[in-house]
Amino acid sequence: MSGFVQLALDFLTGSAPLAPLPAPAPRARAPEPDAPPAEPLNQVFQPGTWHHPRANRLLRLSGCEVAYEFKRGKRRTIGLSVSHEGLTVSAPRWTPLGEVEALLNQKSGWVLEKLQQARERAGELARSRTVWADGAEFDFLGQRVRLQLDPAHGFSQVGAVLEPGAEGEKGGQATLKLGLARNAGEVQIRDAAQAWLMRQAKRVFAERLAVFAPQLGVGYKVLRLSSAGTRWGSASADGTIRLNWRLIHLKMDMIDYVVVHELSHLRHMDHSPQFWDVVASILPDHAERRRALKQSAVPLGE
């Protein structure tokens with residue numbers, strides 16, 4: 001296959017891809033986003049403000065002030081994308097601004113609902129942020145682990161060792177022991193803990209790829225860990241699979257979903273019905289796993 005093709009599995013965003021626009025014509029009808037039909041704004045949404053940090057346009061939608069990032073480019077559709085930063089609108093160079101704003105007004109309920117969801121999710125992520133210190137807790141493969149500094153450690157593993165919880169102990173919580181001094185700072189503790197997590201991620205991901213690649217009849221060439229802030233994984237036509245190391249915080253069924261998703265792209269480099277048929281051949285419950293993945297709160301950029 002000539003050229004470079006890559007499919008990515010994003011997270012923390014909501015987007016509404018639109019149907020192709022017709023050739024430029026006066027007062028052409030604005031394209032419809034792939035979003036629920038326009039409907040009255042739910043009463044749960046009160047007038048407020050939503051400001052994107054790179055906002056260059058301002059519009060009032062159903063009593064709410066929405067400052068959004070507006071971009072033009074070489075594209076044939078209008079795109080609406082909502083992330084934790086706010087609303088981004090991308091439009092073809094020739095689309096009149098009035099049509100863009102008419103579309104936003106038409107889909108105001110969808111836009112404000114996604115903005116509210118993004119704000120709530122940002123709050124969940126902030127609350128789930130780990131303060132790296134002796135006694136801190138974090139998730140490892142969906143289970144809570146307590147961190148313990150152990151300056152006089154006797155373990156042979158590189159920098160850290162995971163000890164399972166004692167039988168009969170409430171919750172059976174495991175402990176990650178780090179070979180660091182008691183006065184180690186937060187950055188040093190974070191780096192040591194995340195280095196251990198990345199090693200576990202590489203091991204677990206390689207094991208799951210080895211399980212599912214033969215079932216799908218594909219072979220990948222390289223596994224690379226990613227720390228991307230907006231995607232769980234990606235697959236390239238050259239056989240490179242990239243998986244976000246932070247998946248190691250989540251349960252195995254969600255890790256398996258991302259692994260199967262990316263391997264399936266080696267059969268179909270798109271999200272066509274044929275692609276989803278391939279995913280479903282291995283994971284019939286992939287839709288439920290995808291929803292669980294979207295709802296997971298994994299802090300980024302720590």
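The values are calculated or read from the model by the stated rules, or taken from the named source; none is laboratory data. None of these values were measured; they are calculated from a predicted model. With ideal geometry, Cβ positions are generated from the backbone for all residues, glycine too; neighbour counts draw on all protein chains shown.
A few remarks follow.
- Residues in segment 107-142 that are at pLDDT below 90 and polar (S, T, N, Q): 116, 117, 128, 130.
- On inspection, residue 203 does not qualify as of a type in the set (Lys, Arg) and modelled with pLDDT under 95.
- Segment 192-215 residues that are assigned by TED's automatic domain parsing to the domain that holds residue 253, paired with ones that are buried (at least 19 other Cβ atoms within 10 Å of the Cβ) and of a type in the set (Lys, Arg) (beta carbon under 6 Å, 6 or more apart): none
- Selection within segment 63-84 - surrounded by fewer than 20 Cβ atoms within 10 Å (Cβ to Cβ), outside any strand (DSSP E or B) and of a type in the set (A, V, I, L, M, F, W, C): none
- Residues of segment 42-57 satisfying the condition of being farther than 21 Å from residue 122 by Cβ and either surrounded by 15 or more Cβ atoms within 10 Å (Cβ to Cβ) or modelled with pLDDT of 90 or more (or both): 56, 57
- Among residues of segment 184-203, those that are within 19 Å of the chain's Cα centre (by Cα) and buried (at least 17 other Cβ atoms within 10 Å of the Cβ), counted: 3
- Restricting attention to segment 237-263, the residues being assigned to a helix (DSSP H, G or I) and touching a Phe, Trp or Tyr at 6+ places or on another chain (Cβ under 6 Å) number 4.
- Test: residue in segment 85-106 that is assigned to a strand (DSSP E or B), modelled with pLDDT under 90 and not assigned by TED's automatic domain parsing to the domain that holds residue 180: no
- Within segment 91-113, restricting attention to residues that are without any contact (Cβ under 8 Å) to a residue 40 or more places away in the chain and of a type in the set (Gly, Ala, Ser), the residue that is surrounded by the fewest Cβ atoms within 10 Å (Cβ to Cβ) is 98.
- Failed condition for residue 238, given (1) within 30 Å of residue 160 (Cβ to Cβ); (2) modelled with pLDDT under 95: (1)
- Subset tally (residues that are at pLDDT 95 or above and not in a helix (DSSP H, G or I)) for segment 269-294: 3
- Reported count of residues in segment 107-129, each being assigned to a loop (DSSP other than H, G, I, E, B) and under 17 Å from the mean Cα position of the chain (by Cα), is 1.
- Members of segment 229-246 that are among the small types (Gly, Ala, Ser) and touching a residue at least 60 places away in the same chain (Cβ under 8 Å): 229, 233, 234, 235, 236, 237
- Odd one out for residue 111, checked against (1) among the aliphatic types (A, V, I, L, M); (2) assigned by TED's automatic domain parsing to the domain that holds residue 204; (3) farther than 12 Å from residue 176 by Cβ: (2)
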